[in-house]
Amino acid sequence: MNIKWSTGRRLAVLLAPLAMCGFAATAGAQSMRDVETVAKDRGLTTADLIAAAKTYLPSGQKDEYLMFASGGHAGQIFVVGLPSMRLLRSIAVFTPEPWQGWGFGVGDKIIAEGFPNGKSNLWGDTHHPALSETKGDYDGQFLFINDKINARVAVIDLRDWETKQIIKNPLTLSDHGGTFVTPNTEYIIEGGQYATPWGSDYAPISEYKEQYKGSVTLWKFDRNRGRIDKTQSFAIELPPYWQDLSDAGKLASDGFFFMNSLNTELATGGIQDKKPPFEAGASRNATDFLHIIDWKKAEQVFKAGKVEQIKGFPVITLKTALAEGLLHLTPEPRSPHGVDVAPKGDFIVISGKLDPHVTIYSMEKIKQAITSRTYSGTDEFGVPILDFDSVVEARIEVGLGPLHTQFGPDGYAYTSLYLDSAVARWTLGGSYGSSTPEPDWTLVHKTPVHYNVGHIAAAEGDTVSPDGKYLVSLNKWSVDRFVPTGPLLPQNLQLLDISDDGTNMPVLYDMAMGVGEPHYAQIIKADKLNTWTVYPEVGWDPHVQNINPMAPKPKMERVQRNDDNSVDIYMTAIRSHFNPEHIYLKQGDTVRWHITNTERAVDATHGFAVPVYNITASLEPGESVTIEFVADTPGTFPFYCSEFCSALHLEMMGYLMVEPK
Amino acid sequence: MVSIVDRILGPRVEPEEVSTHSLRYGAPGVLLLIARVLLLTSLFLPYWHMELQAPQYPDGLHMTAFLNALTGDVAEIDGLNHYIGMRSLYEAAEIERIVGVFIMIAFVVMLELAAYIHTRWAVLLIAPAVFFPVVFLVDLHLWMRHFGLNLDPHAPLSNAVKPFVPTALGKGGIGQFVTVATPGTGLILATVASFVLIAALYFHRRAYLPLVKQRNATAASPTSA
Ligand SMILES: [Cu+2]
């Protein structure tokens, strides 16, 4: 009995930990075997599982990088987190956007500043975002973007991710060579594209050579004000080639920038008259011209007043540019897309999409050729052409349709291959050569992408210190990658893992982008940004990034009728009411409706939407806005908060009553 | 004849007596000094914390009460409280927040004086400071009770939330919020001061009661009349 009892007790003691193990096993019952089961059920390979593990972010975990992608026709910026490839939000720029309340009472004046020739224009074709830089590295403060369709440049403040300025180029009507910044964001480069007469005035195309102009504009950026300073900006006249993408020099090439061009044939098309169409005429020559421009010298020329005022804007004429030695050309493979400066600024990589090579120019050789005037001639406008062989460092055959090049931290460069639908990895030479296992100037690997890649963006891959790790292939066609979405298919943004050496460069993730066609994108380490989560103080005017002393404050709410029959409404918004809730106006009143969101809690955004009057605003915590309109339509209008801000969100409303005359 | 002042101040102790029994006569004064330092320090420290936890506030909402101020997410908490019809927290204990610092300074002065009084009258000067932490908590409780039980019946959520008494210390709950109220370091120091003062009273009694008795005995004896 005694023995039995003690055995029983011992058993109990032994079983207790087992029972605990059993419990633990039940609580965390999942094992790698379950992963295998799921993989089997869903037909996933080991590579798929690794890709998932590299990109999946559990709820609450944050992305390491932010990609600021142009939105193409959307006229916006799309911000995507890496490696999750989640679309975090869009930033409205040229196009009105209701959720952000952009262009429906707020931001209208900024959009209107960019109206071409004073004509209302409510979309943009955004192409090339440029993050502000300090010493050639992203500083996370500002973002710039061009609009190709109307040659405009916008400034976005990355504290609140809002557009602060849109500036219309007075000289040209299309730009493609923007935006690119000089190493300390002294200037934002905006290259024109399709040549037009100055200010797009009328001239028949038969006068193409005489009347049509090429140009590049250098917008001076005032970092303290967060604005382009038009009074300190200038343009340089260029031959009427179609100037294309550009890139600013840095380190070894600091003080210069580079621009591609096409249609150096000066083709004028005319297919309807049985003349060669542009596509043939503009790619007849084997080479086009790389423009090499000395912007530091140009700045001195501008400051010395050697400019002509054209359309009210200072222009260094082609004649002056040549006299001052600001501009040189050198042949480049025809129909080029990217011109991309290597991290140390010593090499410039150019791809002509009809030539399977990337062509690498040496800055040292360019400088030598300029000094020793090693010209192969001049073009028909008298611009000196540097001898091609004297300035080229290397040519590498990478594949069909090479477009754009980005860089890694380790001596690798990456080039998109539009026709091959692939991203090529190749090695740089010179002082980069020793950091790669492969020989210098060699193609290492091509990873297929799906399909027709345009730009690529590597993590900080166009700065003086690229991060490597990730590369996004911005593919134009998705064809069979997603469930059909009607005849209009989304773009496919593919994430590639470039952290490994050599031939291992797998695709990790496909992100469908069904809201516009991103062109270029830049990828910045997320911790470089100092983003506000609420505005610093209640009554904040985002347009001036300061307190508005006139902003409505609690207990100061009122409707004020002025002597001139204008009405100022001072309103506050807080969960879950507007104050005041009754607004009486008379038909014809000019109204300035001031609203402050007095919230301090993160994410306590209120909307403000008025029917019939086409008003919708987004009021983020602390923000104060003023909406101006004429109360021209009489009636009773329930206005309301259009953000689900609280459990009593539906009740957050009021009545606007406009009494008929 | 012993004057009223002398009766209150109590017997003086001869310097040589003090130096022979430095511990006996020094202890009350030292303890009173410690209590004064603790109370003065507590003026600059929080007396009370309240944390509100809810899913949509991952970092919680925090409110801290000093003797003279309310800090933290008071505006946000007020904003939420308006749904249940609770008045703004800024309206609570307004007078206490104005006079709190002066009362505390008065306590310190009283304790300073108490060091010179060698009779039971010293208790009168010391006792208020002893009871201060309890009074603070009772006052806090009464305010919370008052606020919690007097909700605006026209508030948006008056149907959903019945009047309640928020907890002054410990865990409570209202709606989707869990509330955790904890004493601040100031209140803890004031409580320590209370115990130090009780010890001071004990040593005070041990040092001076025999002297008072002795003097009273002498005064009552007919020979010295
Ligand atoms: Cu709201």
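The values are calculated or read from the model by the stated rules, or taken from the named source; none is laboratory data. All values reported here derive from a predicted model rather than from experimental measurement. All Cβ positions, even for glycine, are placed from backbone atoms using ideal geometry, and neighbour counts span all protein chains on display. Ligands, DNA and RNA are stripped out before the accessible areas are found, and what is left, the full protein with its side chains, is counted by its heavy atoms. Shrake-Rupley method; radii C 1.70, N 1.55, O 1.52, S 1.80 Å.
Near A:Ser233, the amide H atoms lying under 5 Å from its own belong to A:Lys220; only residues 5 or more places off or on other chains count, and H is placed 1.01 Å from N. Compute the angle between helix B:185-220 and the longest alpha-carbon principal axis of chain B, please, reported from 0 to 90 degrees and rounded to the nearest 10. Tilt of helix B:185-220: around 20 degrees.
As I understand it, the dipole of the range A:556-643 uses +1 on the Cβ of Lys and Arg and -1 on the Cβ of Asp and Glu, about the Cα centre. Which of A:Ile583, A:His594, A:Ala631 lies farthest toward its positive end? Among A:Ile583, A:His594, A:Ala631, the one farthest towards the positive end of the dipole of the range A:556-643 is A:Ile583. Considering all different alpha carbon pairs of the range A:427-526, the Kirkwood hydrodynamic radius works out to 14.9 Å. The string of couplings for the range A:42-52 from the Karplus curve (6.51, -1.76, 1.60, θ = phi - 60°) is 9, x, 8, 8, 4, 4, 4, 5, 5, 4, 4 Hz, one whole number per residue in order, with x for Gly and Pro. Under the rule a/c < 1.5 gives rounded, and otherwise a/b versus b/c splits prolate from oblate, where does the range B:40-106 land using the Cα gyration tensor? Oblate.
A Cβ-based charge dipole, computed about the Cα centre of chain A with Lys and Arg at +1 and Asp and Glu at -1, lands at about 1120 debye. Given a 1.4 Å probe and the protein chains as shown, B:Arg206 ends up with an accessible area of around 110 Å². Mean sequence separation of contacting Cα pairs (under 8 Å, at least six apart), scaled by the length of chain B, corresponds to a relative contact order of 32 percent. For B:Leu113 and B:Ser221, a Förster radius of 41 Å and the Cβ-Cβ distance give a FRET efficiency of 0.85, rounded to the nearest 0.05. In this structure, the amide hydrogen of A:Gly468, modeled 1.01 Å from its nitrogen in the peptide plane, lies closer than 5 angstrom to those of A:Ala459, counting only residues at least 5 positions away or on a different chain.
Take the Cα of A:Leu443, go 7 Å toward its beta carbon, and the backbone nitrogen atoms of the range A:458-493 under 20 Å from that spot belong to A:473-474.
Reported value for the range A:178-322: 119 Å³ per residue, from the convex hull of its C-alpha atoms.
Per the accessible-area calculation with a 1.4 Å probe, the total area buried between chain A and chain B rounds to 500 Å². Using only the Cα atoms of the range A:540-659, each taken as one equal point scatterer with no solvent, compute I(q) by the Debye sum, divide by I(0), and report log10 of the ratio at q = 0.15, 0.18, 0.20, 0.23 Å⁻¹. With no solvent term, the Cα-only Debye profile gives -0.62, -0.90, -1.11, -1.42. At q = 0.16 Å⁻¹, what is the base-10 log of I(q)/I(0) for the range A:256-296 according to the Debye formula with one equal point scatterer per Cα and no solvent? Please give it to two decimals. Here the Debye-derived log intensity ratios amount to -0.49. Placing a label point 7 Å from the Cα of A:Asp379 along the Cα-to-Cβ line, the residues of the range A:322-352 whose backbone N sits under 20 Å from it are A:322-341, A:348-352. Based on alpha-carbon atoms, the Kirkwood radius and the radius of gyration of the range A:74-165 give Rg/Rh equal to 0.98. Near B:Arg97, once Lys and Arg are set to +1 and Asp and Glu to -1 for all other residues with Cβ below 14 Å from its Cβ, the sum equals -4. Its relative contact order, with pairs defined as Cα atoms under 8 Å and 6+ residues apart, puts the range A:540-659 at 27 percent. For peptide B:79-89, the mean count of partner chain Cβ atoms within 10 Å of a residue's Cβ comes to 2. Computed with a 1.4 Å probe over protein heavy atoms only, the accessible surface of the range A:512-661 comes to 46 Å² per residue. With each label modelled as a point 7 angstrom along the Cα→C-beta vector, the A:Glu537-B:Ile198 pair spans 5.0 nm. Label sites at A:Glu113 and B:Tyr90, each approximated as a point 7 angstrom past Cα along Cα to Cβ, lie 3.6 nm apart. Projection of the Cα convex hull of the range B:4-215, averaged over all directions and equal to a quarter of that hull's surface, yields 13.9 nm². All distinct Cα pairs of the range A:468-553 go into the 1/r average, and the inverse of that average, the Kirkwood radius, is 16.9 Å. For the range A:552-600, a drop of 20 Å² or more in accessible area on going from the chain alone to the assembled protein chains (1.4 Å probe) is found at A:Arg575.
Accessible area per residue (1.4 Å probe, heavy atoms of protein chains only) ranks A:Lys297, A:Lys213 as A:Lys297, A:Lys213, with the largest value leading. Computed over neighbours whose Cβ is under 9 Å from that of A:Ala526, the net charge equals 0, Lys and Arg +1, Asp and Glu -1.
Look at the dipole of chain A built from charges on Cβ: of A:Pro611, A:Leu326, A:Leu44, the Cα furthest out on the positive end belongs to A:Leu44.
Ranking A:Met657, A:Asn504, A:Ser372 by how far each Cα lies toward the positive end of the dipole of chain A (charges on Cβ) leaves A:Met657 at the top.
For the protein assembly as shown, with equal point scatterers placed on the C-alpha atoms only and solvent neglected, what are the log10 I(q)/I(0) values from the Debye formula at q = 0.04, 0.06, 0.10 1/Å, to two decimals? Normalising to I(0) and taking log10 leaves -0.32, -0.62, -1.13.
With the helix formula -39500 (n - 2.57) applied to DSSP H stretches of n ≥ 4, chain A reaches a computed 222 nm mean residue ellipticity of -4000 deg cm²/dmol.
Note that the range A:350-508, at 20 °C in a medium of 1.002 mPa s, gets a Stokes-Einstein diffusion coefficient of 127 µm²/s from its Kirkwood radius over C-alpha pairs. Looking at the square roots a ≥ b ≥ c of the eigenvalues of the Cα gyration tensor of the range A:65-528, which shape do they give, rounded for a/c under 1.5, prolate if a/b is larger than b/c, or oblate? In terms of gyration-tensor shape, rounded. Among A:Ser59, A:Ser90, the order of accessible area from largest down is A:Ser59, A:Ser90, computed with a 1.4 Å probe on protein heavy atoms.
With the cut-off at 1.5 for a/c, could you classify the range B:1-45 from its C-alpha gyration tensor as rounded, prolate or oblate? Oblate is the answer for the range B:1-45, as a/c is 1.5 or above yet b/c matches or exceeds a/b. For B:Lys162, the lysines whose Cα falls under 30 Å of its own Cα, not counting residues fewer than eight places away in the same chain, are A:Lys555, B:Lys171. Accessible area ranking (1.4 Å probe, heavy atoms, ligands and nucleic acids excluded), largest first, for A:Arg425, A:Arg561: A:Arg561, A:Arg425. Remark: relative contact order (chain A) = 10 percent; criterion is Cα-Cα distance under 8 angstrom and separation of 6 or more residues. Within the assembled protein chains, the solvent-accessible surface assigned to A:Ser624 is about 10 Å², based on a 1.4 Å probe.
A crude spin-label estimate for the pair B:His21 and B:Thr41, with each label 7 Å from Cα along the Cβ direction, gives 3.1 nm. Comparing the range A:455-605 with the 2.2 N^0.38 Å rule of thumb, its C-alpha radius of gyration ratio is 1.67 (two decimals). Using a probe of 1.4 angstrom, how much of the accessible area of the range A:130-282 is carbon and sulfur, in percent? Solvent-exposed carbon and sulfur of the range A:130-282 make up 51 percent of the total.
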